[in-house]
Amino acid sequence: MELNGVKETEVLIVGAGPCGLALACDLARRGVRTLLIEQAPALFPGSRGKGIQPRTREVLDDLGVGDAVRTHGGPAPVGMVWQDGRRQGERDMFRRAAPTEAEPYGEPWMMPQWRTQEILLARLRELGGDVAFSTALTGLAQDAEGVTAHLSTGPVRAPYLVAADGGRSTVRRALEIPMTGETVDPAPMLVADVRVTEDALDRLNWHVLMGDAGFVTLCPLPGTADFQLAAQFKESEPDTSAEGVRALVAARTHLDADDITEVRWSSDFRPRAALADRFREGRVFLAGDAAHVHSPAGGQGLNTSVQDAYNLGWKLGQVLRHGAPVALLDSYEAERRPVAADMLGLSTRIHRGEQERGAAAQQLGLGYREGPLSAGRAGALVAGDRAPDGPAGDGRRLFDVFRGPHFTLLVVGTDAEPPAFGGSASAAVRVHRTDAYEAYGKGLFLIRPDGYIGWAGEDASGLGAYLAPLGLDLERG
């Protein structure tokens with residue numbers, strides 16, 4: 001839509017990384033008009049964020065790309081420690097747990113970031129959206145009604161703008177939102193995607209090579225012929241050229257330079273942790289790396305970013321499509337900033353060797369019990385908890401029942417009658433009844449579109465009051 005030479009949309013998303021793409025997919029399935037712009041001419045080409053935690057797999061499954069993630073990824077390889085060119089033995093770097101009824105994904109899943117983005121872009125196009133590549137944000141201004149963004153292709157007007165444009169966010173800097181943080185490690189790092197001759201290094205392990213100059217790791221990337229190379233530099237600066245990467249391998253591993261047949265992508269960085277002082281400025285929201293920057297050691301950056309999008313998407317949808325009060329959007333920062341702060345601390349401790357990659361890294365235990373949208377408790381669960389998977393009682397799984405942009409009122413093991421929903425709630429809330437199940441116990445549970453319990457109770461008392469701020473109403477008798 002265009003008015004007086006100004007293109008109009010409902011949500012402008014800046015940055016087509018995993019966060020921006022996930023948000024665009026979520027909004028598209030809600031029927032929200034979205035413009036997703038990306039300054040680069042194509043998707044990011046590297047493997048950088050390669051670990052997908054169990055909770056993020058649940059999110060991606062809900063967004064409709066679970067099968068593609070399963071097909072193109074694989075479990076994290078077990079680490080193999082090397083010293084002086086000799087294998088010292090295996091060392092698993094991750095907590096692994098067998099899938100359960102409540103938690104269908106028990107271990108991290110490996111897939112290079114470029115593949116994750118390709119999968120999300122394909123899904124976005126299925127939903128009727130796309131990315132406007134080679135389109136840069138050059139300025140913005142906002143008023144009480146919306147945001148005017150000046151792009152390299154012309155002006156755009158939108159009620160809301162979401163900055164998903166990375167750690168050096170143009171939007172965050174334009175809004176002068178500070179980031180508070182620290183250097184996690186003064187030693188610079190190099191990361192690259194490389195091809196290795198078949199007889200030089202096997203793909204069965206994540207190879208960790210220790211040395212006085214710093215460690216080097218080579219991790220096979222499932223679904224590709226590539227390894228991700230990561231190297232620490234204690235006494236020099238990284239040379240990210242193909243020749244520099246080959247020289248690094250020859251100098252600090254038992255491989256020869258010629259064993260690296262191709263350097264497909266490379267970059268350098270200094271590990272740091274930083275958190276934006278606020279995630280919202282008027283009608284502009286920060287998400288992903290624009291709001292929080294992690295050390296890659298914990299495997300939390302991409303995952304936290306995708307879950308930012310998952311939290312914000314349904315709230316924008318409720319405001320734009322279901323008449324929810326604008327105040328609902330205040331809950332985005334209230335819920336996500338504490339989570340980001342916790343994940344930053346976890347990433348930093350893992351990088352420094354102060355904590356292992358245990359259950360906390362899988363993000364299944366994250367929730368919003370203290371958040372503004374959590375009310376009540378029933379059975380085994382408290383509002384704000386992640387809604388567990390399990391048998392739905394009709395041959396499906398509960399995650400099958402939850403999948404989609406709707407709310408679910410789950411009636412578990414009780415004869416309590418659910419209320420009648422009126423207006424937009426009659427389509428936005430689906431009621432499902434099932435037998436008592438240990439992970440839930442008995443009660444009524446309102447499952448938010450992002451898979452968390454918003455409200456819980458032994459009967460429907462109080463549910464109507466909870467629904468009103470979400471733009472949902474009970475049928476009036």
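Quick one: give the max-minus-min coordinate of the C-alpha atoms of segment 81-155 along each principal axis, largest first, in Å.
The Cα atoms of segment 81-155 stretch 59, 42, 27 Å along their principal axes.
Add +1 for every Lys or Arg and -1 for every Asp or Glu among the other residues with Cβ under 12 Å from the Cβ of V11, and state the total.
Taking every Cβ under 12 Å from that of V11, the sum is +3.
Rounding to the nearest 20 debye, state how big the charge dipole of segment 147-291 is about its Cα centre with +1 on each Lys and Arg Cβ and -1 on each Asp and Glu Cβ.
The dipole magnitude comes to about 1040 debye.
For segment 416-477 and segment 170-223, what is the centre-to-centre distance using only Cα atoms, to the nearest Å?
Taking the Cα centre of segment 170-223 as reference, the centre of segment 416-477 is 45 Å away.
At A225 and R195, where each label point lies 7 Å from the Cα along Cα→Cβ, what is the point-to-point distance in nanometres?
The modelled label-to-label distance comes out at 0.4 nm.
Quick one: which residues, 5 or more positions from V78 or on another chain, have an amide H under 5 Å from its amide H? H modelled 1.01 Å from N in the peptide plane, none for Pro or chain starts.
Residues meeting the amide H criterion: W206.
Out of all Cα-Cα pairs in the chain, roughly what percent, to the nearest whole number, are more than 33 Å apart?
Here the tail beyond 33 Å accounts for 39 percent of pairs.
How large is ³J(HN,Hα), in whole Hz, for each residue of segment 176-191 in order, when computed from phi with the Karplus curve 6.51 cos²θ - 1.76 cosθ + 1.60 and θ = phi - 60°, using x for Gly and Pro?
Running phi through 6.51 cos²θ - 1.76 cosθ + 1.60 with θ = phi - 60° gives 6, 8, x, 10, 9, x, 8, 7, 6, 8, x, 6, x, 10, 10, 9 Hz.
Taking just the alpha carbons, could you work out the radius of gyration and Dmax for segment 214-279, both in angstroms?
That works out to 14.4, 48 Å for Rg and Dmax.
Taking H as built 1.01 Å from N, whose amide H comes closer than 5 Å to the amide H of A387, not counting residues under 5 places away?
Y452, I453
Pairs of alpha-carbon atoms within less than 8 angstrom and 6+ residues apart define the contacts here; what relative contact order does the chain have, in percent?
So the answer I get is 16 percent.
Which one of G376, G46, F94 has its Cα pushed farthest toward the positive end of the charge dipole of the chain, where Lys and Arg give +1 and Asp and Glu give -1 at the Cβ?
G376
Ranked from the most accessible area to the least, with a 1.4 Å probe and all protein chains present, what is the order of F279, F399?
Listed by decreasing accessible area, they come as F399, F279.
Tell me the Kirkwood hydrodynamic radius of segment 326-477 in angstroms, computed as one over the mean inverse distance between distinct C-alpha pairs.
Radius from the Kirkwood sum: 16.5 Å.
For segment 1-102, what does the alpha-carbon gyration tensor say about shape, rounded, prolate or oblate, given a ≥ b ≥ c as the root eigenvalues, a/c under 1.5 as rounded, and a/b over b/c as prolate?
Oblate.
The values are calculated or read from the model by the stated rules, or taken from the named source; none is laboratory data. Being a predicted model, the structure only gives us computed values, none of them experimental. So basically every Cβ, Gly included, is an ideal-geometry build from the backbone, and we count neighbours across all protein chains shown. Side chains are part of the model used for accessible areas, which takes the heavy atoms of the whole protein and leaves out ligands, DNA and RNA. Shrake-Rupley method; radii C 1.70, N 1.55, O 1.52, S 1.80 Å.
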